[in-house]
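Here is the structure we will look at, set down as structure tokens.
The values are calculated or read from the model by the stated rules, or taken from the named source; none is laboratory data. Predicted, not measured: the structure shown is a model, and the values here were computed from it. Cβ sites come from the backbone with ideal geometry, for glycine too, and all protein chains shown count toward neighbours.
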Amino acid sequence: MDNSQISRVLEDTALLLEVVGANPFRIRAYRNAATTILDHGRPLADMVRDDEDLTRLEFIGKDLAAALRELVQSGRLKALEEVSEKVPLSLLQVLRLPGLGPKKAARLFQELGIVDLDSLENAARKGEIAALSGFGKKTEETLLKRVEWKRGESS
């Protein structure tokens, strides 16, 4: 697992923690760690292999260092697994759409059961998103265009 992959897992964890309304300091800790790892010149996997003190890295405390060791050694992150019991990992597809933040994604999940791009598209085509306060028809149309753009990007 390279630094960009590790950073992505940390950022995904932060996004899902924000959806469930976790402590803002915890969310920020994962985001800061993601940036630190992404910008760090040395592969984190090498540092773990060499049993280096990860807390020497900016924004990495004792708990995050242990989580990073777990992630590098097993490919799993307990915090991500715990939050995915409350919010499906597929919601990350929706969260990665430009202009749709965690708060709005959380509302779509909680109020309409939207868990991925397919369920977002279906709800938009039925007019269900526009019916939610704070969204409207224009937002619904924009979301549909972004789903189409995202699908075109991955093909």
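Descriptive notes on the structure:
- Residue in segment 20-38 that is touching an Asp or Glu at 6+ places or on another chain (Cβ under 6 Å), outside the structural domain of Lys145 (by TED's automatic domain parsing) and not aliphatic (A, V, I, L, M) present: yes
- Looking only at segment 1-42, and only at residues there that are polar (S, T, N, Q) and within 12 Å of the chain's Cα centre (by Cα), the one that is surrounded by the fewest Cβ atoms within 10 Å (Cβ to Cβ): Ser7
- Within segment 79-132, tally of residues that are on the phi > 0 side of the Ramachandran plot and in contact with a Gly (Cβ under 7 Å, 6 or more places away or on another chain): 0
- Checked against the criterion of being assigned by TED's automatic domain parsing to the domain that holds Val9 and closer than 29 Å to Lys150 by Cβ, the candidates Ala45, Ala65, Ala79, Ala130 yield just one match: Ala79.
- Taking segment 66-81 as the range and being surrounded by fewer than 19 Cβ atoms within 10 Å (Cβ to Cβ) and either under 22 Å from Val19 (Cα atoms) or free of Cβ contacts under 8 Å to residues at least 40 places away in the same chain (or both) as the test, the residues that pass are Ala66, Arg69, Glu70, Gln73, Ser74, Arg76, Lys78, Glu81.
- Of all residues in segment 87-112, those satisfying the criterion of being more than 16 Å from Ala124 (Cβ to Cβ), assigned to a loop (DSSP other than H, G, I, E, B) and modelled with pLDDT under 95 are Arg96, Gly101.
- Residues located in segment 90-127, provided they are within 28 Å of Ala65 (Cβ to Cβ) and either buried (at least 16 other Cβ atoms within 10 Å of the Cβ) or touching an Asp or Glu at 6+ places or on another chain (Cβ under 8 Å) (or both): Leu91, Leu92, Leu95, Pro102
- Taking segment 119-137 as the range and being part of a loop (DSSP other than H, G, I, E, B), within 23 Å of Leu89 (Cβ to Cβ) and either touching a Cys at 6+ places or on another chain (Cβ under 9 Å) or not β-branched (Val, Ile, Thr) (or both) as the test, only Glu128 passes.
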